[in-house]
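Chemist: My questions all concern the structure below.
The values are calculated or read from the model by the stated rules, or taken from the named source; none is laboratory data. Nothing here was measured: the structure is a model prediction, and the numbers come from that model. When we count neighbours, we look across all protein chains shown, and the Cβ atoms used for this are built from the backbone with ideal geometry, even at glycine.
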Amino acid sequence: MKNKKSIQLVDKTYKLKNGMSPLSYTIPSRNTRRYPLMHFDEETGLNRALRYARNQKSPFEDEQDGNFILEPVVFEDGMLIVPKENQVLQQFLYYHPLNGRLFEEVDNEKDAELEMEEINYEVDALIEARSMPFEQMEMVFRVLFGRDPSKYSSAEIKRDVLLYAKNQPKSFLDSINDPMLKLEANVHRFFAANLLIFKNGTKEVWFNTTSNKKKMMNVPFDSDPYTSVAVYLQSDEGIDALKLLETSI
């Protein structure tokens, strides 16, 4: 006869999400009309009411007797430690509708993995930024910040790009691997060189080369004008315009 695998009971820690840490925070501990605490049981197809009573063996009302003693569930400084001896509270928190929305169980291994992932992103982004040719760094600077790099010193450009890579590593890595980056950077250059100009605010884009003064496109409502121009120049309709602008720069 095989022995059943024993379930390991452990102390568990829970925390309020989004950095919340009030001195005390009480969550609903019983099903009421104002605060419905229901769990849908997929095995039975029934909604079951939750109620925390430490002197009971189950967090479900339909499994409790009439001698229940209610207790509040209080987070102190954003944290709640539940010892392994209090299994009914651990089960109550597991089934609670606010689990994952307002609070979550602390998982040190998972938190460490996420932190390592963030650190690796930061290291990779800083390495990419530091090894980047200055011409590419100027291009990234122009697109990320929407500023003309010719108006800034090389030290200022390098500093701002490195700080962005440090503070927004995933966004930075996504940006430099985006094939639209170079094209959008060139769009900024076309406007800086006055080969393209805006009219009617930024609603219309017009050519301003020696051979072409015609309207190129309308900017779609609520769209970034530079990104819209880059998308247009990448289309079949705009490819000839892109060739003209690249030969004129």
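Chemist: Take the conditions modelled with pLDDT under 95 and either among the hydrophobic types (A, V, I, L, M, F, W, C) or farther than 20 Å from ASP11 by Cα (or both) and apply them to ILE69. Does it pass?
Modeler: Working: modelled with pLDDT under 95: yes; either among the hydrophobic types (A, V, I, L, M, F, W, C) or farther than 20 Å from ASP11 by Cα (or both): yes.
Yes.
Chemist: Further question on the same structure: Take the stretch 194-249 and flag every residue that is hydroxyl-bearing (Ser, Thr, Tyr), under 19 Å from ARG142 (Cα atoms) and not in a helix (DSSP H, G or I).
Modeler: THR202, SER223 - these are the residues of the stretch 194-249 that are hydroxyl-bearing (Ser, Thr, Tyr), under 19 Å from ARG142 (Cα atoms) and not in a helix (DSSP H, G or I).
Chemist: Within the stretch 155-202, restricting attention to residues that are small (Gly, Ala, Ser) and under 21 Å from the mean Cα position of the chain (by Cα), which residue is surrounded by the most Cβ atoms within 10 Å (Cβ to Cβ)?
Modeler: Residues of the stretch 155-202 that are small (Gly, Ala, Ser), as a first pass: 155, 165, 171, 175, 185, 192-193, 201.
With the extra rule that they be under 21 Å from the mean Cα position of the chain (by Cα), the set shrinks to 165, 171, 175.
Working: ALA165: 27, SER171: 13, SER175: 18.
Across the stretch 155-202, the extreme among qualifying residues is ALA165.
Chemist: Considering (1) in the same structural domain as GLN168 (by TED's automatic domain parsing); (2) surrounded by fewer than 16 Cβ atoms within 10 Å (Cβ to Cβ); (3) of a type in the set (A, V, I, L, M), say which one ALA129 fails and leave the rest.
Modeler: (2)
Chemist: Let me ask something else about it. Kindly check whether there is at least one residue in the stretch 110-132 that is in contact (Cβ under 8 Å) with a residue 24 or more places away in the chain, closer than 30 Å to LEU37 by Cα, over 22 Å from the mean Cα position of the chain (by Cα) and in a helix (DSSP H, G or I).
Modeler: No: the stretch 110-132 contains no residue that is in contact (Cβ under 8 Å) with a residue 24 or more places away in the chain, closer than 30 Å to LEU37 by Cα, over 22 Å from the mean Cα position of the chain (by Cα) and in a helix (DSSP H, G or I).
Chemist: Can you tell me which residue among SER58, SER21 is in a loop (DSSP other than H, G, I, E, B) and over 17 Å from LEU93 (Cα atoms)? Lay out the reasoning, then the answer.
Modeler: Values: SER58 fails: over 17 Å from LEU93 (Cα atoms).
Sole residue among the options that is in a loop (DSSP other than H, G, I, E, B) and over 17 Å from LEU93 (Cα atoms): SER21.
Chemist: Another one. Please work out which residue is modelled with the lowest pLDDT, limiting yourself to the stretch 39-55 and to residues that are touching a helix residue (DSSP H, G or I) at 6+ places or on another chain (Cβ under 8 Å) and part of a loop (DSSP other than H, G, I, E, B). Steps first, please.
Modeler: As a first pass, look at the stretch 39-55 and keep what is touching a helix residue (DSSP H, G or I) at 6+ places or on another chain (Cβ under 8 Å): 39, 48-54.
If we keep only those that are part of a loop (DSSP other than H, G, I, E, B) as well, we get 52, 54.
Numbers: TYR52: 97, ARG54: 91.
This residue is ARG54.
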